[in-house]
Amino acid sequence: MGVWQMSSDLLARSRFTVSPMVDTVAALRALHDPRTPWQRAWRRPHVEAFRRMLAARPVARALLSASFNPRWTADFLTIAPTSPEPTFPAELAAVARLSDERIRTDLRATRPAPLAAELLADGLTGQVTELLDWVWTHAVEPEWPERERRLRADIVARTTALSTSGWAGVFAGLNRGMRWLGDGRLQVNDYPEPPLSLDEAEQLVFIPAHCRRGWVVWDKPIRFGMVYPARGILVDPTSPAPDGLARLIGANRANILARLDAPLSTSQLVVVTGLSLGTVSDHLRVLLEAGAVSKRRSGREVLYWRTPLGATLVGGG
């Protein structure tokens, strides 16, 4: 699985999309085992309800233990979306169509150990869908509008990079271990697996998510995709601005300007800088009036990026 071999036609048809199910699985992983400070902060208001839910559902507890290992996620949690604009009910229905035995087969492939007794009873698929629906309803759906804005802003930034750097440049910035090798070969991770041919594939998608590290999604042999961390989720909290620029225009304003080498939304800038929404908006207004940044609307978001003047300021310090 480390390298996907694909045709130029499949790459030409590939696209970015947003998947509510992918973000739900990312939230489930964070609730189960957070790895980074931002995940622990997000998890805090949800974790007690999550624990109470698991305490009442022994099958769900066993499912969680068996569904993840450090390098693999059970395939029933990584089904590629079937439409350009998937909805959570449609994606949940795709999981609900799987048989109990298919769920058990995926679990055995994820952790090569005997399954817990709770996972051998009938109704396992229903337990999976109930678990996913709980995470969506309680932890993801209430904040989905904001999540979706961040994800779509990331897609705009990636497609902007595509126009200047091509697919090779985009792949290099998507996920750790991912890069274009040439000759139709895409390295999706650093796992020592034989190359996988995508000759029969009809769909290839790239999906941003609120996650620490990405994973593959698929419905072999037709649909394939790659999940990657959305821009602004995993960010070095230190300011990338040169000291001279900070002295010239102020530390916060310099921090914002230095991060706008690619388009970011106001909400993304709030995440990556740690500043309040009002403070970010005020600084952006000043930078716009000075001609250091430009903006344009993309759906419900407004994206900002550096002008040549802004690039000169950052480059010159």
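Which of the residues belonging to the range 12-31 are hydrophobic (A, V, I, L, M, F, W, C), loosely packed, with under 15 Cβ neighbours inside 10 Å and in contact (Cβ under 8 Å) with a residue 40 or more places away in the chain? Steps first, please.
As a first pass, look at the range 12-31 and keep what is hydrophobic (A, V, I, L, M, F, W, C): 12, 16, 18, 21-22, 25-28, 30-31.
Then drop every residue that is not loosely packed, with under 15 Cβ neighbours inside 10 Å, which leaves 12.
Of everything in the range 12-31, nothing turns out to be hydrophobic (A, V, I, L, M, F, W, C), loosely packed, with under 15 Cβ neighbours inside 10 Å and in contact (Cβ under 8 Å) with a residue 40 or more places away in the chain.
When only residues in the range 247-269 that are part of a loop (DSSP other than H, G, I, E, B) and either assigned by TED's automatic domain parsing to the domain that holds R152 or among the small types (G, A, S) (or both) count, which is surrounded by the most Cβ atoms within 10 Å (Cβ to Cβ)? First the steps, then the outcome.
Step one: filter the range 247-269 for residues part of a loop (DSSP other than H, G, I, E, B), giving 250, 259-263.
Applying the additional criterion that residues be either assigned by TED's automatic domain parsing to the domain that holds R152 or among the small types (G, A, S) (or both) yields 250, 262.
On the way: G250: 14, A262: 17.
Here the answer is A262.
If L162 passes every condition in (1) crowded, with 22+ Cβ neighbours inside 10 Å; (2) of a type outside the set (S, T, N, Q); (3) part of a helix (DSSP H, G or I); (4) touching a helix residue (DSSP H, G or I) at 6+ places or on another chain (Cβ under 6 Å) but one, which one does it miss?
Condition not satisfied by L162: (1).
Which residue, of D133, D122, D154, is closer than 26 Å to K220 by Cβ and acidic (D, E)?
On the way: D122 fails: closer than 26 Å to K220 by Cβ; D154 fails: closer than 26 Å to K220 by Cβ.
From the options D133, D122, D154, the qualifying one is D133.
From the set of residues in the range 27-55 that are of a type in the set (G, A, S) and touching a helix residue (DSSP H, G or I) at 6+ places or on another chain (Cβ under 9 Å), which is nearest to E148 (Cα to Cα)?
A27
If the Cβ limit is 7 Å and pairs must be 6+ apart or interchain, which residue in the range 247-268 that is at pLDDT below 90 pairs with which residue that is among the hydrophobic types (A, V, I, L, M, F, W, C) and surrounded by fewer than 17 Cβ atoms within 10 Å (Cβ to Cβ)?
Cβ pairs passing all conditions: S265/V302; T266/L277; T266/V302.
Taking T110 as the residue in question, decide whether it is out of contact with any Ser or Thr (no Cβ under 7 Å at 6 or more places or on another chain) and of a type in the set (S, T, N, Q).
no
Return the total of residues in the range 95-138 being more than 16 Å from V59 (Cβ to Cβ) and under 20 Å from the mean Cα position of the chain (by Cα).
Total satisfying the criteria: 3.
Would you check if there is a residue in the range 191-214 being β-branched (V, I, T), surrounded by 19 or more Cβ atoms within 10 Å (Cβ to Cβ) and in a strand (DSSP E or B)? If you could, list the steps in order and put the result at the bottom.
The first filter runs over the range 191-214 and keeps only residues β-branched (V, I, T), leaving 205, 207.
With surrounded by 19 or more Cβ atoms within 10 Å (Cβ to Cβ) added as a condition, the list becomes 205, 207.
Filter once more, so that each one left must be in a strand (DSSP E or B): 205, 207.
Yes.
Could you tell me which numbered condition A241 fails, if it satisfies all but one of (1) farther than 21 Å from V170 by Cα; (2) in a strand (DSSP E or B)?
Failed condition: (2).
Which is among the basic types (K, R) and under 15 Å from the mean Cα position of the chain (by Cα), of R150, R185, R179?
From the options R150, R185, R179, the qualifying one is R150.
Among the residues of the range 1-37, write down those that are more than 14 Å from the chain's Cα centre (by Cα) and part of a helix (DSSP H, G or I).
Taking the range 1-37 and keeping what is more than 14 Å from the chain's Cα centre (by Cα), we get 1-15, 31-37.
Once the filter is applied, which keeps residues that are more than 14 Å from the chain's Cα centre (by Cα) and part of a helix (DSSP H, G or I), the range 1-37 yields S8, D9, L10, L11, A12, R13, L31, H32, P37.
Taking into account only those residues within the range 162-186 that are of a type in the set (D, E, K, R) and without any contact (Cβ under 8 Å) to a residue 40 or more places away in the chain, which is farthest from C211 (Cα to Cα)?
D183
Could you tell me whether the range 183-195 includes any residue that is under 29 Å from S99 (Cα atoms) and aliphatic (A, V, I, L, M)?
Among the residues of the range 183-195, at least one is under 29 Å from S99 (Cα atoms) and aliphatic (A, V, I, L, M), which makes the answer yes.
The values are calculated or read from the model by the stated rules, or taken from the named source; none is laboratory data. Note that the structure is predicted; figures quoted are calculated from it, not measured. Positions of Cβ are backbone-derived with ideal geometry, glycine not excepted, and every protein chain shown enters the neighbour counts.
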